[in-house]
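Have a look at the structure below before the remarks.
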């Protein structure tokens, strides 16, 4: 086996085995949520591109930093599935199918949605903080970005990719995703790029919380195993 093949097996082997087994056993039934997400995104894109549906999709799923906070938060879950009109929709659909599909198999339906929402929410809230800081600071944004619609499904896709890389020890892949988003901001500094970095930061915090929880559970189990003798306690 070549060095490249050994590296690929170490990097993606566990993910590959998990996904292949689920697809072989259940086929499309392995990713019902992902298929629904792809269909919903395609439908929203179609409605959004029509003169009669543009305003409706904007009202229920478009989030801008200028919007009042609570209505924006109510629209944030649906904003995961509203693709940008200036980008090819097929690219977004392929990303959702691949990344959401792998995540649904590996993490489960609800955990996938939770990570996706956390990533999107991190980007949405960052936009408000960045505009409040102003364009002068490192994390600041110009006031004009308050009128720009949030990233849609891309922040969720990026966040899920990083979380999967951490969860399945595909650290090089997760690092490559992070590096690509940094390069995106350096080459073309815009709201979407910085929201992607905010989504990654939010997911990294989530990874740290999960890791800390796992360490505590492991230590608790080890202490219980070392102190438990299987005998009743001595009564004084």
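Here are some notes:
- Highest GNM mean-square fluctuation among 137, 101, 152, for the chain modelled with Cα contacts below 10 Å: 137.
- Here the range 60-91 and the range 135-201 have alpha carbon centers that stand 16 Å from each other.
- Solvent-free Debye scattering, log10 I(q)/I(0), computed from the Cα coordinates of the chain at q = 0.09, 0.13, 0.16, 0.17 Å⁻¹: -0.46, -0.84, -1.17, -1.28
- Against the chain, whose longest principal axis is taken from its Cα atoms, helix 171-187 shows a tilt of about 20°.
- Relative contact order for the chain, counting Cα pairs under 8 Å that sit 6 or more residues apart, in percent: 20 percent
- Each pair of Cα atoms in the range 1-76 enters the Kirkwood radius, and Stokes-Einstein at 25 °C and 0.890 mPa s then converts it into a translational diffusion coefficient of 152 µm²/s.
- Within a Gaussian network of the chain (alpha carbon springs, distance under 10 Å), most fluctuating of 73, 186, 93: 186
- Share of pairwise Cα separations in the range 68-187, more than 25 Å, in percent: 26 percent
- Residue of 144, 220, 154 that the Gaussian network model of the chain assigns the largest fluctuation, springs spanning Cα pairs under 10 Å: 220
FYI, it's all coordinate maths here, none of it is from the lab. These figures come from a predicted structure and were not determined experimentally.
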